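**Q** Just dropping this structure here.
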Amino acid sequence: MTIELATVNITSPGRNFVTLKITTSDGIVGWGDATLNGRELAVASYLADHVASMLIGRDEDRIEDTWQYLYRGPYWRRGPVTMAAIAAVDMALWDIKAKKAGMPLYQLLGGASREGVRVYGHASGPDYAALKDAIAAYVDEGFTAVRVQTGVPGLGQIYGVASSKPGVRYDYEPAHRAADGSSAVRPTEERWDTRAYLSHMPGIFASIREDFGTDLRILHDGHHRMSPIEAARFAKEIEPYDLFWLEDCTPGEDQTALRLVRQHSTTPLAIGEIFNSVYDYQTLITERLIDYVRSAVTHTGGITAMKKLLDFAAIYGIKSGIHGPTDISPVGMAAALHLDLAIHNFGIQEYMPHNERTLEVFQTSFTFDRGFLHPGETPGLGVELDEQAASAFEYTKAYLPVNRLTDGTVHDW
Ligand code: CS2
Ligand code: MG
């Protein structure tokens with residue numbers, strides 16, 4: 001059999017998603033996530049204008065060959081747009097292969113290594129009282145791990161802290177769109193002060209441990225905002241609060257920055273949500289500078305590339321912590337869950353549930369039970385896009401915020 005058609009769907013049920021649909025000559029359909037937050041149309045064009053026609057007539061079973069053809073073939077390599085496009089093709093082909101086999105994808109990846117996938121939820125609040133309520137709500141739902149983000153006195157809205165009230169946390173959406181859907185929307189701008197953050201955060205962790213005890217896994221995202229020496233000092237200072245991980249403490253592209261953090265602290269480190277290739281991790285993994293790999297399947301070349309990356313990490317005792325925010329579509333999330341269930345070096349999975357409209361557009365077979373997800377037993381990835389439902393939600397330009405220091409200097413985030 002061969003690939004007969006490859007089409008790109010763009011829908012916006014509350015946020016934008018780009019999905020690749022591959023149809024084979026015998027009518028089997030595979031889906032792949034190609035969503036790149038704030039740059040969605042670039043990946044859609046890459047796929048529709050430069051990849052779709054190359055897929056027609058190819059043997060859909062030759063996944064590795066197609067991956068290499070799309071990666072090495074065009075001469076230009078890596079980058080989030082290219083790797084998201086390759087990821088979408090890769091996911092769709094694995095979806096097709098598993099559907100043909102009549103098995104959920106995790107079976108083709110070696111079968112289940114565990115009963116369920118431990119996930120962490122996102123708790124945030126402008127102050128500790130609101131954060132505490134948000135954490136308590138997750139604990140009540142059975143979550144055993146929670147990422148905690150909170151406001152910093154003297155600063156306004158900061159990234160990672162939901163501006164809405166606790167209780168509506170599932171609608172937390174950092175990419176801002178114009179209220180009237182206007183295409184003139186520009187990124188909002190936030191103000192940041194690392195000194196204020198560094199003096200405020202340790203007390204928050206102390207309160208959480210006091211209120212929730214030692215069992216709860218606590219995660220925290222630094223969002224690339226610290227310098228190496230600031231991160232080293234912070235990671236050392238928060239050791240007594242036993243974080244599960246400190247994520248993205250320094251800017252992502254500077255791999256050797258984490259040498260300094262490692263020299264000073266035993267707080268576990270996670271990084272990688274803005275990475276798109278195994279080469280972004282070469283120093284980090286071989287020098288054991290991190291504990292968790294944070295890539296998204298969608299942004300790192302798909303299931304084929306993630307499996308290799310995670311196997312490489314396994315040799316160095318490093319585990320997975322696959323990126324799973326709402327800007328990863330349910331298709332990308334399912335791909336992560338099949339890998340999570342199958343690999344041996346699973347660490348934890350991020351889980352930010354999608355809103356109801358998104359789950360009307362994408363029908364999913366994964367299930368949540370008391371802090372654990374399972375990809376389900378439906379053949380393939382277990383997610384189908386309802387194109388009719390999707391057509392009701394038009395693409396709406398939306399951007400992530402820009403971060404500036406209090407004096408106006410553009411800063412990392
Ligand atoms: C965050 C994300 O999930 C995370 O850890 O850092 O919300 C991230 O900022 C977004 O995915 C950006 O698109
Ligand atoms: Mg993050």
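**Q** Just to check your reading of the model, which residue among S391, S329 is open to solvent by 20 Å² or more (accessible area, probe 1.4 Å), under 14 Å from T19 (Cα atoms) and touching a residue at least 60 places away in the same chain (Cβ under 8 Å)?
**A** Working: S329 fails: open to solvent by 20 Å² or more (accessible area, probe 1.4 Å).
Result: S391 is the single residue among S391, S329 that is open to solvent by 20 Å² or more (accessible area, probe 1.4 Å), under 14 Å from T19 (Cα atoms) and touching a residue at least 60 places away in the same chain (Cβ under 8 Å).
**Q** Spot the failing condition for Y292; the list is (1) away from ligand 2 (no atom under 16 Å from the Cβ); (2) touching a Gly at 6+ places or on another chain (Cβ under 7 Å); (3) open to solvent by 10 Å² or more (accessible area, probe 1.4 Å), and only one is missed.
**A** Here Y292 clears every test but (1).
**Q** Is it the case, given these coordinates, that P240 is in the same structural domain as P268 (by TED's automatic domain parsing), more than 16 Å from ligand 2 (Cβ to nearest atom) and either modelled with pLDDT of 95 or more or in a strand (DSSP E or B) (or both)? So that I can check it myself, show each step before the final result.
**A** Numbers: in the same structural domain as P268 (by TED's automatic domain parsing): yes; more than 16 Å from ligand 2 (Cβ to nearest atom): yes; either modelled with pLDDT of 95 or more or in a strand (DSSP E or B) (or both): yes.
It is true that P240 is in the same structural domain as P268 (by TED's automatic domain parsing), more than 16 Å from ligand 2 (Cβ to nearest atom) and either modelled with pLDDT of 95 or more or in a strand (DSSP E or B) (or both).
**Q** Condition check: of a type in the set (A, V, I, L, M), in contact (Cβ under 8 Å) with a residue 40 or more places away in the chain, open to solvent by 10 Å² or more (accessible area, probe 1.4 Å) and under 13 Å from I3 (Cβ atoms). Does A52 satisfy that? Break it down stepwise before answering.
**A** Values: of a type in the set (A, V, I, L, M): yes; in contact (Cβ under 8 Å) with a residue 40 or more places away in the chain: yes; open to solvent by 10 Å² or more (accessible area, probe 1.4 Å): yes; under 13 Å from I3 (Cβ atoms): yes.
Here the answer is yes, as A52 does meet what is asked.
**Q** Which one of these is of a type outside the set (D, E) and surrounded by fewer than 17 Cβ atoms within 10 Å (Cβ to Cβ): Y46, Y75?
**A** On the way: Y46 fails: surrounded by fewer than 17 Cβ atoms within 10 Å (Cβ to Cβ).
Being of a type outside the set (D, E) and surrounded by fewer than 17 Cβ atoms within 10 Å (Cβ to Cβ) holds for just one of Y46, Y75, which is Y75.
**Q** As an exercise: evaluate L373 against (1) in contact (Cβ under 8 Å) with a residue 12 or more places away in the chain; (2) part of a loop (DSSP other than H, G, I, E, B) and give the number of the one condition it does not meet.
**A** Unmet for L373, out of (1) in contact (Cβ under 8 Å) with a residue 12 or more places away in the chain; (2) part of a loop (DSSP other than H, G, I, E, B): (2).
**Q** Still on this structure: Taking only the stretch 269-294 into account, find how many residues are without any contact (Cβ under 8 Å) to a residue 40 or more places away in the chain and assigned to a loop (DSSP other than H, G, I, E, B).
**A** Qualifying residue count for the region: 5.
**Q** Do you know which residues across the stretch 205-237 are within 23 Å of A130 (Cα to Cα), open to solvent by 10 Å² or more (accessible area, probe 1.4 Å), of a type outside the set (D, E, K, R) and assigned to a helix (DSSP H, G or I)?
**A** Residues satisfying the conditions are A206, S207, F212.
The values are calculated or read from the model by the stated rules, or taken from the named source; none is laboratory data. Keep in mind that this is a model prediction, so the values were computed, not measured. Every residue, glycine as well, gets a Cβ built from its backbone with ideal geometry; the counts of neighbours run over all protein chains shown. Surface accessibility is based on the protein's heavy atoms, side chains included, excluding ligands, DNA and RNA. Shrake-Rupley method; radii C 1.70, N 1.55, O 1.52, S 1.80 Å.
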